[in-house]
Amino acid sequence: KSEVTPSFALISAALSSGNADALGKFFDSDVELSIFDKEESYQREGAMAAMRDFFAKNKPKSFSQVHQGASKGKDTQYTIGEIS
């Protein structure tokens, strides 16, 4: 298993607690979100609003990271996980 960076630890904590504002601190200016079967591109504020709405309807109990990686150019990091 790959090492969890401090940023990913904070992101995991924000996802686990349903804190969209804490999560949004790590969003780029453009964000691609997949929520259930809907994939959408947002500007940062729109992505934060989508996450606030999601958390309001789906209060998380935990977040577990499934995969972590970097883009082909190594300029962007990402994580894939499951919220329960």
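The numbers here are math on the coordinates, done by the rules we state, and not lab data. Keep in mind the model is a prediction, meaning the values are calculated, not measured. Here Cβ is always computed from backbone atoms with ideal geometry, including for glycine, and neighbour counts include all displayed protein chains.
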*the chain: C-alpha gyration tensor shape, a/c 1.5 cut-off, then a/b vs b/c*: oblate
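Once you charge only the Cβ atoms, +1 for Lys and Arg and -1 for Asp and Glu, what is the size of the charge dipole of the chain about its Cα centre, to the nearest 20 debye? List each step's numbers first, then the result.
Values: 10 positive and 12 negative charges, 64 e Å.
For this selection, approximately 300 debye.
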*Given DSSP loops and a limit of at most 15 other Cβ atoms within 10 Å, what is the longest stretch of the chain that contains no such trypsin sites (Lys or Arg not before Pro)?*
26-60
*Tell me, what HN-Hα J-couplings in whole Hz come from the Karplus equation 6.51 cos²θ - 1.76 cosθ + 1.60 at θ = phi - 60° for each residue of the stretch 55-63, using x for Gly and Pro?*
5, 5, 8, 9, 5, x, 9, 7, 10
*Lysine pairs in the chain with Cα atoms under 23 Å, if 8 or more residues apart or on separate chains*: 11
*What distance in nm separates the simple spin-label points at Glu45 and Lys59, each placed 7 Å from Cα in the Cβ direction?*
2.9
